[in-house]
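Read the structure below first, then the notes.
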Amino acid sequence: MTRTTFIARTLAVALLGAALATTGCGRGDDAGGGGDAAAQPVVTVRTVVAATQPFTETVGAIGDVEARVGHSAALGAPEAARIARVLVAAGQHVSTGDVLVELDQTSFQAAVRSAEAQLAVSQKAYERAKRLADEGVVPRKDVEQAQADLAKAQADAANARRQAQLSVLRAPIAGVVTAVRATLGATADPSQPLVEIADPSATDVVLNAPPADAARMRTGAHVDLVAGQSAGGESLGDGVVADVGGMVDSATRSVSVRVHVTTARRPLRIGETVFGQVATATRANAIVLPLEALVPEGDGFKVFVVDSANVAHERPVTVGARTDRVAEVTSGVKAGERVVTYGAYGVADSAKVVVTAGEGT
């Protein structure tokens, strides 16, 4: 064997050994990697302990603040006349007796003078007819006719004076001007109110509920009130249902539900938009879970129940009524079981979980 042949064989053996060693290491890594893949994933979550508690079913509706019945006024012209003065604007506070709008007085004063002149004539005619009848000069029926004419003249004069008084629109109550439709120099339409006033210290919330929801509401039911058009607004206080309307509004296709405010956290403004949650039923012993615990599954929902080894198990549940924060679970979870809340959407069945601070008790 030559020296060159020997060196070549030695290098070949060395390369073969290195290749075998590399192959062995690769298999060992694969086995180790396979073991890691088979290990359960760990997910950080928060949980709550399911417990029985009272659950109040509610129905939500949007409405606004209105003056309570008997605490508002709409003032119009007694007859068609030119608007001479407009002394208020919407939003202005007024006191009882304040002048709001004044109509042109010319026709009203003329009507008063004419009616009073006719009254004077009728009064003298009656006195003359009575004197003559007492003397037997004229029949008694002439007195009766003169008396009827006098009564009509008195009514006409009283009506003329009343019309003249109403031609100056004064506030019948203290409150806030909610609408002004009077335009200086325009002719007032007697069929349309010129000014509207409401007492801001006596207000109700009027909700507009779909007929199906209104059918579930009852007088005296508790109502949670919040500002805005959804349940996530500023809390305004509490109220009770005072009246559920008996007809559907043709314009809005809704039923008016009047709510008396029993506790207000701040003064309510007339016209302010309010969202009300009306209690329709209460169940004393219900399993209630936060909405974040519910994970959509097809047409239903599922939750993840955590066992003593901190392993999460997928569990289909039946959900009953819901509010904006919690839901009633009618089957699938028992009292005392731990259910994943925060992190539920990232959990898989049989996943190992780590429960962070904030776990329910």
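The values are calculated or read from the model by the stated rules, or taken from the named source; none is laboratory data. Quick caveat: nothing in here was measured; it's all calculated off a predicted structure. Note that we place each Cβ from the backbone using ideal geometry, even for glycine, and neighbour counts take in every protein chain shown. Protein only, heavy atoms only, side chains kept; ligands, DNA and RNA dropped before computing areas. Shrake-Rupley method; radii C 1.70, N 1.55, O 1.52, S 1.80 Å.
Of note:
- Summarising the strand pairing of the chain, around 95 percent of its internal DSSP beta bridges are antiparallel.
- Per DSSP, loop trypsin sites (Lys or Arg not before Pro) in the range 246-299 with at most 10 further Cβ within 10 Å: ARG253
- With bins 10 Å wide beginning at 0, the percent of Cα pairs of the range 117-220 falling in each bin runs 12, 20, 17, 17, 15, 11, 7, 2.
- Across the chain, the mean sequence separation of Cα contacts (distance under 8 Å, 6 or more residues apart), normalised by length, yields a relative contact order of 26 percent.
- Couplings for the range 194-206, taken from phi via the Karplus curve 6.51 cos²θ - 1.76 cosθ + 1.60 with θ = phi - 60°, read 8, 9, 10, 10, 9, 8, x, 7, 10, 10, 10, 9, 10 Hz in order; Gly and Pro are left as x.
- Selected from ASP307, ASP299, ASP224 as most flexible by GNM, with the chain as the system and alpha-carbon contacts under 10 Å: ASP299
- Largest mean-square fluctuation among GLY271, GLY70, GLY298, in a Gaussian network model of the chain whose springs join Cα atoms under 10 Å apart, belongs to GLY298.
- Taking every Cα-Cα distance in the range 245-361 and sorting them into 5 Å bins starting at zero, the pair-distance distribution P(r) comes out as 2, 8, 16, 16, 13, 10, 9, 10, 8, 6, 3, 1, 0 percent.
- Calculated FRET efficiency for the pair GLN109/GLN229, C-beta based, R₀ 41 Å, to 0.05: 0.20
- Using θ = phi - 60° in the Karplus curve 6.51 cos²θ - 1.76 cosθ + 1.60, the 3J(HN,Hα) couplings for the range 156-164 round to 5, 5, 5, 5, 5, 5, 5, 4, 5 Hz; x is entered for Gly and Pro.
- Our summary gives the range 189-316 a relative contact order of 24 percent, counting only alpha carbon pairs under 8 angstrom and 6 or more residues apart.
- Neighbourhood charge, 11 Å Cβ-Cβ cut-off, centred on ALA327 and excluding it, Lys, Arg +1 and Asp, Glu -1: -2
- Lys pairs, the chain - Cα-Cα below 19 angstrom, 8 or more residues apart or on other chains: 7
- VAL354/ASN285 FRET efficiency (R0 25 Å; Cβ-Cβ; nearest 0.05): 0.20
- Springs between Cα atoms under 10 Å define the GNM used for the chain, and in it the highest mean-square fluctuation of VAL143, VAL240, VAL94 occurs at VAL143.
- Here the chain is scanned for GluC sites (Glu not before Pro) in DSSP loops (not H, G, I, E, B) that have at most 15 other Cβ atoms within 10 Å, and the longest stretch holding none of them is 235-358.
- Residue-by-residue Karplus 3J(HN,Hα) for the range 44-53, coefficients 6.51, -1.76, 1.60, Hz, glycine and proline x: 8, 9, 10, 10, 9, 8, 5, 9, 7, 7
- Measuring nothing but how far apart in sequence close Cα pairs (under 8 Å, 6+ apart) lie, relative to its length, the range 161-208 scores a relative contact order of 39 percent.
- Taking all pairs of distinct alpha-carbon atoms in the chain, Kirkwood radius in angstrom: 29.0 Å
- 0 to 90° range, to nearest 10: angle between helix 106-134 axis and the chain longest Cα axis: 40 degrees
- Nearest 10 degrees, 0 to 90: helix 3-38 Cα axis against the chain principal axis: 40 degrees
- Share of carbon and sulfur in the accessible heavy-atom surface of the chain [1.4 Å probe, %]: 53 percent
- Placed amide H near GLY76: partners under 5 Å, 5+ positions off or other chain: LEU194
- Accessible area (Å², per residue) of the range 256-361, counting only protein heavy atoms and a probe of 1.4 Å: 51 Å²
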